Structures are given as C-alpha cells and as structure tokens.
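No lab work stands behind these numbers, since they all come straight from the coordinates. All values reported here derive from a predicted model rather than from experimental measurement. We place every Cβ from the backbone using ideal geometry, glycine too, and count neighbours over all the protein chains shown.
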Ligand code: UDP
C-alpha cells in the first residue's frame, strides 16, 4: 500500500514507519520536525511540512495517491495542554480536520489514528473497555476525543474506514538501538528515570504516595513501542481484508506502580539516582489499565515485549545512545 504517515519522524511514528517498511509498504512521511528528527525516518520519503498549511497538504495529495493515512502528528504533553489549550485544539483537532478534508476529497480508503487513554478521563474503573463514556479531564484528551469524533462522522458519511488506537503508556525503544524516544523535554516516567541514569537530570520526583494502590503510587499500563507499532501494521492489513471501522485499546492489561518502575530502572542500570516524594500531580487517576480483549480478537494482536525489564532495558540502552549522539 502507498501510505502517508503524518508525524512519522517522531517517537511512535518512526517505529511504525520502520515496521511498515519491513512489511513492504511504500511510505511518505509528512512531519514539521518540531519534535521529530530526520534521522528517525529510516524508510520512505520525508516531506517537511505542517498540517496547518492547507496548501502544502493539497499539494502532497495531488502528487501521491494514498491508500492509507496513519496520523500521528500531534502535541502530547498534558500539563502544557492545560496552560496552552488552543495550541492543542489547533495542532491536534484543527490539523486533523485539515487532513480529513483532503482525505475526503481524494477518497482515501483507510485511516489509522493515534488516540489515547486520556479520552477516558478519571474513570471509576481501573481496567478500561472501549465502551466507557469519554470524559477527558484535560485539553490534550479533549483534542483527541474531538479528532476521533470527526473521523467517525466522516467515515459514516463516506467510504472511509478507520482504526482508532487508544494508547496506554508507551515506552521502550527499538531493540537494535536504531530508534527511541528523543523528545526534548520529556515528562513521561520511564524516560525521566532513564535521563537520571545518564546524568541528564540530577534526580526525579514521585508525584503522590497516598493513592489507594499497593504501594500508594499510581499504576499504569506500560506498553512497548514495538508492540504498539505492530498493532498499526496489523490494523492496515485488517482494513485491507475488509475489516470494519473499530476503536481499539492498546495496552497489556496489567500495570506497575511508579515505585516499581523506578526500582526496575535502578536495578537494571545499577544507578541509585535521587528520588524525591512530592505531592500528587493534578489530574492523575490512581490506576489505568487497558482491557485489551478487543484488539486481540479483532486484529489477532499478541504482544512480544510484555515484560517491564525488557521495556526498561531497551529504553535505557537507547537513552545512552541518544545522549552519545547529542555529544
Ligand atoms: N510520574 C512521576 N514522576 C515523573 C513522571 C511521572 O511520579 O517524573 C508518575 C505520574 O504522576 C503518573 C505516572 O508516573 O502517575 C505515569 O505518568 P506519565 O507522565 O509517564 O504518563 P501518564 O499516565 O500521565 O500519561
């Protein structure tokens, strides 16, 4: 298939691009390089551009006849979305609308969309099914929920088929050390802990130790980026085989506490970096895990890296390579 990957120079997109290339797809990456990198595009052609630029995307679609669009390009930092909501409604929601206009105009048959467990907000349940009501508690989650809705509405009114993937906590890196998370000001737990090991940070905080969980810290469902990438390739195959539009959670269905994650990073690295216990971070639910029965049934997806030691090990190896690349 000829596929357009928006945001294909970023963390998750770059891992997906590599797997799409291995599966024999013909790839065009469209990325504004705001948080992505040229070196991360290991297959296909890179077009540098912004989805806010409707002329640029019109030109892109007039030059290529895409069978599928995988849409990753977005901002993803929750606290930033609270401070600057319109950045999120512009870059995530409005830019998805821009993309959908050309998808409609050129009758692109398939779309895979990067969504997030943040669309569920603060549910009472700890294991989440796709049928829960959507109630995001921050502009990031709302910007993705609105994008989901636009995709569903366009699909209902046209021949577009979609798979919306709701990611849980994505972490880890390509096991060959080729790719990994290079986000400049990362806030995600495993990345932050790995930066403590390389000395990029002097230490880190645990946000809240009074949650109703086994050790008082929040529980999250950490999924290896290569397993997540595989779900995208399988989603394309599923639609090409005639599968109907679906919304699918992407997680392993189990969780680890913040303390458990930090302990694994310390044990695997042999580095006992300073950790400070601080108060809760706004908007953090105590525990979030995916009910992943639907993705297993619909796509036949099975994880290959469901092991916290492996996730942390690949993230640590990458962090050292990445710090080395930067000098
Ligand atoms: N967390 C933490 N210290 C950090 C970063 C994150 O204690 O430096 C906690 C955070 O409060 C949450 C969990 O780790 O309970 C996962 O947070 P992250 O930002 O990685 O992902 P989120 O679940 O918010 O998408």
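The angle between the Cα long axis of helix 95-105 and the longest principal axis of the Cα atoms of the chain comes to about 30 degrees, rounded to the nearest 10.
Per-residue ellipticity at 222 nm, computed for the chain from helices alone with -39500 (n - 2.57) per DSSP H run of at least four residues, works out to -12000 deg cm²/dmol. Annotation for residue 185 and residue 241: the two label points, set 7 Å from Cα along the Cα-Cβ direction, are 4.4 nm apart. The separation of the range 1-57 from the range 60-135, counted between C-alpha centres, amounts to 16 Å.
Using 1/(1 + (r/R0)^6) with R0 = 22 angstrom and r between the beta carbons of residue 82 and residue 34, what's the FRET efficiency to the nearest 0.05? Step by step, r from the Cβ atoms, then E = 0.70. If R0 is taken as 35 Å, the Cβ-Cβ distance between residue 132 and residue 58 corresponds to a FRET efficiency of 0.40. Once the Cα atoms are used to define both axes, helix 225-240 deviates from the longest principal axis of the chain by about 20 degrees. Each residue in 284, 202, 237 was given a count of other beta-carbon atoms within 10 angstrom of its own, and listing them fewest first yields 202, 237, 284. Exposure proxy for 215, 221: other Cβ atoms within 10 Å of each Cβ, ordered fewest to most, give 215, 221. Using the alpha-carbon atoms, what tilt in degrees (0 to 90, nearest 10) does helix 308-326 show relative to the longest principal axis of the chain? Taking the Cα atoms of the chain, the angle to 308-326 is about 80 degrees.
Estimated from the Cβ-Cβ distance and a Förster radius of 45 angstrom, the FRET efficiency linking residue 152 and residue 48 is about 0.90. Looking at the chain alone, DSSP beta bridges between its own residues are antiparallel in about 5 percent of cases.
Arranged from fewest to most other beta-carbon atoms within 10 Å of their beta carbon, 272, 31 become 272, 31. With contacts taken as Cα pairs under 8 Å and at least 6 residues apart, the chain reaches a relative contact order of 19 percent.
Here the range 182-232 was treated as a single set of alpha-carbon atoms; its pair distances binned every 10 Å from 0 give 19, 38, 35, 8 percent. For the pair residue 276 and residue 297 in one chain, pulling the backbone fully straight at 0.36 nm per residue adds 3.4 nm over the alpha carbon distance.
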